[in-house]
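Working notes for the structure below.
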Amino acid sequence: MRSLIMKNLLSRIKTRRKNNKFIRNRNKNILKHKKNQNRISVIEEEEDTEEGFSIKSSAPSQTHGVQPLGNLYLNPGSINSRDTGLGNLHTLTDELVLDILGFLDGTSLGVLASVSKSFYVFTNHEPIWRNLVLDNLIDGFQYNGSWKSTFVSAYYPSFDISSSDRRSFKVRDFYSDYLFQSWLCANLEMKPEWLERDNIVRKRGISVEEFVASFEEVNKPVLLEGCIDNWDALRNWDRDYLVKLCGDDVKFAVGPVEMKLRDYYRYSDQVREERPLYLFDPKFAEKVPKLGLDYEVPVYFREDLFDVLGNERPDYRWIIMGPAGSGSSFHVDPNSTSAWNAVIKGSKKWILFPPDVIPPGVHPSPDGAEVASPVSIIEWFMNFYGATKNWKKRPIECICKAGEVIFVPNGWWHLVINLEESIAITQNYVSRRNLLNVLDFLKRPNASTLVSGTKDRVNLHDKFKNAIEASFPGAIDELTQKEEEKKIQQRKLSFWDSVADVGAFKFSF
Amino acid sequence: MAEEKSQASSSKMLTLKASDGVLFEVELNIAKEMKTVQAYIDDCEDIETIPIPNVLGKHLAIVIEYIKKTNEEYDAEFEKQWNMDDLQLLLLAANYLNISGLQECLCKAIAKRIENKSPEYVRKVFNIENDHSPEEEAKLRKEYKWAFEGVDKD
């Protein structure tokens, strides 16, 4: 296990839209002015110091020999083959060079590798090939060791991919923070100290009334043990069972593509990247009904008012499968709903912040439609997790293991990372406790961009309201009245009595 | 159809000062398209002249014109007027000023100029000295045999 010392990872930012689509896999460079302070130096040492971290033992030796810029400064007199190999382009940042290359097709990229060693390194940047695969092979792909190989073997099947041995191609004196960091984040492991804190409330065998009063009503997360012990899924769901059950005719949603389960496992077994794709399908029970029968909604969450819309309800349940390292960076669930997440296999690390506390390193736009946050989950941990230790506004954290269910109240920020290959079921729901919230959210003028999971965004509010009135006449008025009385009687404090940041994304109550 | 940015929303004018001292008076809503400038305004409300130290007057003029006139048609013709050096400098300007539409337009433009070209051509365009050894280059041609069919003659 090798250790490396690093001062501070550059914070690369990505921006995501509220409906969970990433804008582009690029760096906005908001912290550009900090670049000079954050030179990374790599010194290989034996011990794991406090700032050190561990690289996966299976990591390939640094791809092509890219070194961080800090090393260049330690080597006076050395030239950077990155610059000489780019010629006039060297004045552009790494991200801009990659942005340009991102507009080329596979063939052009292949040709450009011969231009110079620098071009070789840049054109081999895996995320570029990943985008090419995901943009073009939307009906699924067979992962072949790397995104580039996957692309080439799909488009040039007669070309013998194995004849090329890319690992033997090393470049000397190539220094680039962005490319080095990209490799680094793809190969880092979670540090044990990031997994130590577990301060969530755990309950086993409580009544529905107690759950509602102690957690749902007051919008507090809780980890529920023992409430899915009867699920067939817990007993049955392993790879063999699932592959056999789903067969080769069903395709599941994996990011922007749909693929067979068998092909997904092929990818997740081989992949090593910053943000591994995970399988996340809202129609899994429609595609394979037996999957829907192998589990049932835990008793605490059975009041789900979007039910009244029947088939027209927004997406509400997902199966999630992903390898270690896959997960979701900080976000708030759509439509102001609450959620539960049950782990069937594997384990997940959760970090949660209440609605009025924006996690460090996260920047939502004023209307909440976009959220900018670090590129990878590991990067967030490296740059920002430490800040939460001494903060008054400490997050709620836990590791959720197989058989456990976490309740994520509406409006709460959360980050999840799979610590090992995991399978989970998650559902979003609306109960009477947050019905008014949801109606308010759907009524918003920018509902069409914020509301997700349905094709009929603008009318959802009216449809939902009318359907509720039809099934539960007077319910909305009753709840509204109760709310008014509550407001008059209590002054609502935020969870830690904190002052909201300027531009904070606040759910109104 | 040319789309001029609406002038109704704000008549407040701002002065931008390029690196070579050239001054540009622009409407607030034009300046706001440059997110870097927007951030500057957010931080210091009463500012009248904003320094843009990284961009020459000649390029700032082009950028401002782009913001005023951008649409699909304009963008398609826009990039044709500039040589590679200008494209790069404009890209650096767009990146610094954080104008995503222009940045994307320019990246696409540069990409278009090296698409389907031979390595020799690309080296000439950017003044690059080939640092692959002959053996390495032969190895690469083999590794990338699939890519080399259908490249432009130049």
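The values are calculated or read from the model by the stated rules, or taken from the named source; none is laboratory data. Not measured: the values here are computed from a predicted model. Cβ: placed from backbone, ideal geometry, glycine included. Neighbour counts: every protein chain shown.
Can you name the residue in segment A:150-168 that is farther than 19 Å from A:PRO127 by Cβ and modelled with pLDDT of 70 or more and is also surrounded by the fewest Cβ atoms within 10 Å (Cβ to Cβ) among such residues?
A:SER158
Against the condition within 12 Å of chain A (Cβ to nearest Cβ) and without any contact (Cβ under 8 Å) to a residue 24 or more places away in the chain, how does B:TYR144 come out, does it pass?
Against the criterion (within 12 Å of chain A (Cβ to nearest Cβ) and without any contact (Cβ under 8 Å) to a residue 24 or more places away in the chain), B:TYR144 qualifies.
Among the candidates A:LYS170, A:LYS203, single out the residue that is assigned to a loop (DSSP other than H, G, I, E, B) and on the phi < 0 side of the Ramachandran plot.
Matching residue, one of A:LYS170, A:LYS203: A:LYS170.
Pick out the one residue from A:LEU96, A:LEU72, A:LEU104, A:LEU89 that is more than 7 Å from chain B (Cβ to nearest Cβ) and either under 21 Å from B:LYS108 (Cα atoms) or in a helix (DSSP H, G or I) (or both). Quick ask: steps written out before the conclusion?
Numbers: A:LEU96 fails: more than 7 Å from chain B (Cβ to nearest Cβ); A:LEU104 fails: more than 7 Å from chain B (Cβ to nearest Cβ); A:LEU89 fails: more than 7 Å from chain B (Cβ to nearest Cβ).
The match here is A:LEU72.
Based on this model, can you work out whether A:ASP139 counts as out of contact with any Lys or Arg (no Cβ under 7 Å at 6 or more places or on another chain), at pLDDT below 95, farther than 24 Å from A:GLN67 by Cα and more than 13 Å from chain B (Cβ to nearest Cβ)?
Details: out of contact with any Lys or Arg (no Cβ under 7 Å at 6 or more places or on another chain): yes; at pLDDT below 95: yes; farther than 24 Å from A:GLN67 by Cα: yes; more than 13 Å from chain B (Cβ to nearest Cβ): yes.
The answer is yes for A:ASP139.
For residues in segment A:127-136 being touching a residue at least 60 places away in the same chain (Cβ under 8 Å) and either surrounded by fewer than 19 Cβ atoms within 10 Å (Cβ to Cβ) or at the interface with chain B (Cβ under 8 Å from one of its Cβ atoms) (or both), which is farthest from A:LEU261 (Cα to Cα)?
Result: A:PRO127.
Looking at segment B:98-124 only, could you name the residues that are out of contact with any Lys or Arg (no Cβ under 6 Å at 6 or more places or on another chain), at the interface with another protein chain (Cβ under 8 Å from one of its Cβ atoms) and touching a residue at least 12 places away in the same chain (Cβ under 8 Å)?
Of everything in segment B:98-124, those that are out of contact with any Lys or Arg (no Cβ under 6 Å at 6 or more places or on another chain), at the interface with another protein chain (Cβ under 8 Å from one of its Cβ atoms) and touching a residue at least 12 places away in the same chain (Cβ under 8 Å) turn out to be B:GLN103, B:CYS107, B:LYS108, B:ILE110, B:LYS112, B:ASN116, B:LYS117, B:SER118.
So which residues in segment B:131-141 are buried (at least 20 other Cβ atoms within 10 Å of the Cβ) and either assigned to a helix (DSSP H, G or I) or more than 7 Å from chain A (Cβ to nearest Cβ) (or both)?
B:LEU140
If we keep just the residues of segment A:242-277 that are surrounded by fewer than 20 Cβ atoms within 10 Å (Cβ to Cβ) and in contact with a strand residue (DSSP E or B) (Cβ under 6 Å, 6 or more places away or on another chain), which is nearest to A:PRO374 (Cα to Cα)?
The extreme case among them is A:ALA253.
Just one of (1) within 18 Å of A:VAL297 (Cβ to Cβ); (2) touching a Lys or Arg at 6+ places or on another chain (Cβ under 8 Å); (3) assigned to a loop (DSSP other than H, G, I, E, B) trips up A:ASP248, so point out which.
Among (1) within 18 Å of A:VAL297 (Cβ to Cβ); (2) touching a Lys or Arg at 6+ places or on another chain (Cβ under 8 Å); (3) assigned to a loop (DSSP other than H, G, I, E, B), the lone unmet condition for A:ASP248 is (1).
Can you name the number of the only condition in (1) of a type in the set (A, V, I, L, M, F, W, C); (2) touching a Lys or Arg at 6+ places or on another chain (Cβ under 6 Å); (3) modelled with pLDDT of 95 or more; (4) within 28 Å of A:ASP105 (Cβ to Cβ) that A:VAL254 fails?
Condition not satisfied by A:VAL254: (2).
Specify which of the listed residues (B:ILE64, B:ILE128) is of a type in the set (A, V, I, L, M, F, W, C) and away from chain A (no Cβ under 13 Å).
Matching residue, one of B:ILE64, B:ILE128: B:ILE64.
Pull up segment A:455-497, narrow it to residues that are exposed (fewer than 15 other Cβ atoms within 10 Å of the Cβ) and in contact with a Lys or Arg (Cβ under 8 Å, 6 or more places away or on another chain), then point me to the one that is modelled with the highest pLDDT.
It comes out as A:ALA475.
Consider A:LEU104 carefully, then state whether it is closer than 23 Å to B:ASN95 by Cα and modelled with pLDDT of 95 or more.
Yes: the conditions hold for A:LEU104.
Collect the residues in segment A:341-359 that are closer than 19 Å to A:GLU196 by Cα and either touching a helix residue (DSSP H, G or I) at 6+ places or on another chain (Cβ under 7 Å) or among the small types (Gly, Ala, Ser) (or both), keeping them in residue-number order.
Result: A:GLY346, A:SER347.
Scan segment A:140-160 and report the pairs whose first residue is closer than 23 Å to A:PHE252 by Cβ and whose second residue is part of a loop (DSSP other than H, G, I, E, B) and of a type in the set (D, E, K, R), with Cβ atoms within less than 9 Å and a gap of 6+ or a chain change.
Partner pairs satisfying both residue conditions: A:GLY140/A:LYS251; A:GLY140/A:LYS260; A:TRP147/A:GLU273.
Consider A:LEU179 carefully, then state whether it is more than 14 Å from chain B (Cβ to nearest Cβ), on the phi < 0 side of the Ramachandran plot and in a strand (DSSP E or B).
No.
For segment B:76-89, indicate whether the set of residues that are assigned to a helix (DSSP H, G or I), under 20 Å from B:PHE148 (Cα atoms) and more than 10 Å from chain A (Cβ to nearest Cβ) is non-empty.
For segment B:76-89, residues assigned to a helix (DSSP H, G or I), under 20 Å from B:PHE148 (Cα atoms) and more than 10 Å from chain A (Cβ to nearest Cβ): absent.
When you scan segment A:261-307 for helices (runs of 4 or more DSSP H) that lie fully inside it, which ones turn up with 1 or more residues that are over 23 Å from the mean Cα position of the chain (by Cα), more than 19 Å from A:GLY140 (Cβ to Cβ) and modelled with pLDDT of 95 or more? Let's see the steps before the verdict.
Working: elements: A:261-270, A:284-287, A:289-293.
So the answer is A:289-293.
If you go through segment B:113-151, how many residues are charged (D, E, K, R) and within 22 Å of A:VAL97 (Cβ to Cβ)?
11
Among the residues of segment A:138-149, how many are assigned to a loop (DSSP other than H, G, I, E, B), buried (at least 17 other Cβ atoms within 10 Å of the Cβ) and over 22 Å from the mean Cα position of the chain (by Cα)?
1
I'm trying to understand the selection: among the residues of segment A:107-126, which are facing chain B (nearest Cβ under 7 Å) and among the small types (Gly, Ala, Ser)?
Filtering segment A:107-126 down to residues facing chain B (nearest Cβ under 7 Å) leaves A:107-108, A:110-117.
Within segment A:107-126, A:SER108, A:GLY110, A:ALA113, A:SER114, A:SER116 qualify.
Residues checked against (1) under 24 Å from A:THR93 (Cβ atoms); (2) over 13 Å from the mean Cα position of the chain (by Cα); (3) away from chain A (no Cβ under 14 Å); (4) of a type in the set (Ser, Thr, Tyr):
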{"residue": "B:ALA18", "(1), (2), (3), (4)": "yes, yes, yes, no"}
{"residue": "B:ILE30", "(1), (2), (3), (4)": "no, yes, yes, no"}
{"residue": "B:GLN38", "(1), (2), (3), (4)": "yes, yes, no, no"}
{"residue": "B:HIS59", "(1), (2), (3), (4)": "yes, no, no, no"}
{"residue": "B:LEU91", "(1), (2), (3), (4)": "yes, no, no, no"}
{"residue": "B:ALA94", "(1), (2), (3), (4)": "yes, no, no, no"}
